[in-house]
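Here is the structure we will look at.
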Amino acid sequence: MALKQALLIVDVQHDFCPGGALPAQDGDDVVPVLNEYIDDFKRADHPIFASRDWHPEGSAHFQDRGGPWPPHCIQGTSGAEFHRDLNLPDSAVIITKGDDPEEDEGYSAFEGKTPDGKTLLDSLKDAGIEEIYIGGLATDYCVRASAMDAVKAGLRTHLLLDAIRGVDVNPGDSERAIEELKRDGVHVATRAQVAAQHAETN
């Protein structure tokens, strides 16, 4: 019997795309591919989750307060909005993270909360999800952290190789992150593989 699946889209926001405050290289290239995954998961009636960085002004996450990053994804700004071309359905569950002004945190979507205050893991458990597919930005930070937490939570975890891009503060960071995730038990997949799997189970 097939495991119940979900799609997790990590932080596909304007500030993480070209022209934004903290862009992943070619970050907006993930958008059309993720839209195809969204269509696949909608047709298969699998739930879709989308995380977002949602930092307050003056966050401890930012360099001017001793954090590692320039200001980005500040609440209510255009940079914090999901990419304008990302076709999130109305049914998508939004996971908000990084909103504590005193913490340098919010890398993993599993640190975030739904609009009704539940954690992502609780939401997945409530939906009976056992298998999760993850794409988005950035490979070497929030995608990596989210995939690691998914494995730790006991979920069968897939990294969507054609729907991720990295920041690569140090050259090769993204490739190293992918190899680390594979060693930790994360499976890798592409849309052709996922679409074929859904076709077999429907």
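Of note:
- Reachable lysines from Lys97, criterion Cα separation under 18 angstrom, eight or more residues apart if same chain: Lys113, Lys118
- Anchor Lys182: aspartates and glutamates whose Cα lies under 16 Å away (excluding residues fewer than 8 positions away in-chain): Glu131, Asp140, Asp149, Asp162, Asp173
- As computed over region 1-147, the Cα convex hull volume per residue (Å³): 104 Å³
- Exposure proxy shown here: for Ile48, Ile129, Ile134, Ile9, the number of other Cβ atoms within 10 Å sets the order, fewest to most, as Ile48, Ile129, Ile134, Ile9.
- Those aspartates and glutamates that a straight Cα-Cα span of less than 12 Å connects to Lys152, excepting residues fewer than 8 apart in one chain: Asp184
- Inter-label distance, nm, simple model (7 Å from Cα along the C-beta direction), Arg176/Ala195: 3.5 nm
- Least to most buried among Val151, Val10 (fewest other Cβ within 10 Å first): Val151, Val10
- By the count of neighbouring beta-carbon atoms within 10 Å, fewest first, Asp122, Asp15 end up ordered Asp122, Asp15.
Values in this text are rule-based calculations from the coordinates and carry no lab data. Predicted, not measured: the structure shown is a model, and the values here were computed from it. Cβ: placed from backbone, ideal geometry, glycine included. Neighbour counts: every protein chain shown.
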